[in-house]
Amino acid sequence: MPPLIQLEKVTKIYQMGGEELLALREVSLQIEHGEFVAIMGASGSGKSTLMNVIGCLDRPTSGRYLLAGEDVSGLKRNELARIRSETLGFVFQHFNLLARTSALENVELPLHYAGVSSARERSERAMRALTRVGLAARAQHQPNQLSGGQQQRVAIARALVNDPKVILADEPTGALDSRTSMEVMALFQELSAAGITIVLVTHEPDIGRCAARVLTMRDGEIIRDEKQTPMVAQVPPQGRAA
């Protein structure tokens, strides 16, 4: 079986006015099925660009990117949209939930885009995803009726609803307090243990320690690639903040 994610000498150059910005420099990387990987580095190190390439949100300027054995480097926009819908789930720092829409309806959204026409099937799959993140009882709540941690768990359920091979999380704890962050990371660890590949961008050392592998970036290059025994994400016992 080929690696789930394979980058071969991927370079990304952005045109900024009349100048070129070299965001990635011949990055080669393999991520296997079921790995939990954190990408770390200072602002401007290239970690978000790497995430965008892995997530098929941006094309490499040169090099190859194979996702589940398929070369996606030169695919057209509609083909990339299909890949994102079928293979990838996304979680963002600020949740990106629709404000006047229930948690259940927010989780159903990717199913609409994937062409699932049955309202019953959409509802059942969305409820399964909410149950998986511990929020079945809040299915009819709107985002303003949920805590930050609950909103992020709705966003994770939305990422899960299409049964993706990979969840890409860009600073998923950046808008949360430290206690709620650990609850979210405990959920990611549960999903990783269930076989879902997690690739997470963070600048927080405590969050990075929850992953089994850490890539450190500087000036568009991976300068360190280390496996580690993950810190078990534990929420303090005095109630639950989320």
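A few comments on the model shown:
- Of all the listed residues (Arg224, Arg213, Arg218), the sole one being farther than 24 Å from Phe95 by Cβ, touching a Lys or Arg at 6+ places or on another chain (Cβ under 6 Å), surrounded by fewer than 24 Cβ atoms within 10 Å (Cβ to Cβ) and modelled with pLDDT of 95 or more is Arg213.
- Matching residues in the range 62-81 - criterion: being modelled with pLDDT of 95 or more and surrounded by 15 or more Cβ atoms within 10 Å (Cβ to Cβ): Gly63, Arg64, Tyr65, Leu66, Leu67
- The range 1-79 holds strands (runs of 3 or more DSSP E) entirely within its bounds, and those carrying 3 or more residues that are more than 24 Å from Gly195 (Cβ to Cβ), more than 15 Å from the chain's Cα centre (by Cα) and not hydrophobic (A, V, I, L, M, F, W, C) map to 5-16, 19-31, 62-67.
- Helices (runs of 4 or more DSSP H) fully within the range 141-242 that include at least 2 residues being under 18 Å from Leu97 (Cβ atoms) and among the aliphatic types (A, V, I, L, M): 148-160, 178-193.
- The set of residues in the range 104-122 that are free of Cβ contacts under 8 Å to residues at least 24 places away in the same chain and either surrounded by fewer than 13 Cβ atoms within 10 Å (Cβ to Cβ) or under 20 Å from His141 (Cβ atoms) (or both) comprises Glu105, His112, Gly115, Ser117, Ser118, Ala119, Arg120, Glu121, Arg122.
- Among the conditions (1) closer than 15 Å to Glu171 by Cβ; (2) in contact with a strand residue (DSSP E or B) (Cβ under 6 Å, 6 or more places away or on another chain), the only one that Ala42 does not satisfy is (2).
- Verdict on Thr197 being polar (S, T, N, Q) and at pLDDT 95 or above: yes
- Residue tally, condition touching a Leu at 6+ places or on another chain (Cβ under 6 Å) and either closer than 26 Å to Thr173 by Cβ or without any contact (Cβ under 8 Å) to a residue 40 or more places away in the chain (or both), over the range 52-87: 2
- Residue count for the range 107-140 under the criterion of being of a type outside the set (A, V, I, L, M, F, W, C), assigned to a helix (DSSP H, G or I) and over 21 Å from Ile198 (Cβ atoms): the result is 9.
- For the range 30-40, the condition holds for at least one residue, the condition being that it is more than 28 Å from Thr131 (Cβ to Cβ) and either among the aromatic types (Phe, Trp, Tyr) or in contact with an Asp or Glu (Cβ under 9 Å, 6 or more places away or on another chain) (or both).
The values are calculated or read from the model by the stated rules, or taken from the named source; none is laboratory data. Not measured: the values here are computed from a predicted model. A quick note on method: Cβ atoms are made from the backbone with ideal geometry, for glycine too, and the neighbour counts reach across all protein chains shown.
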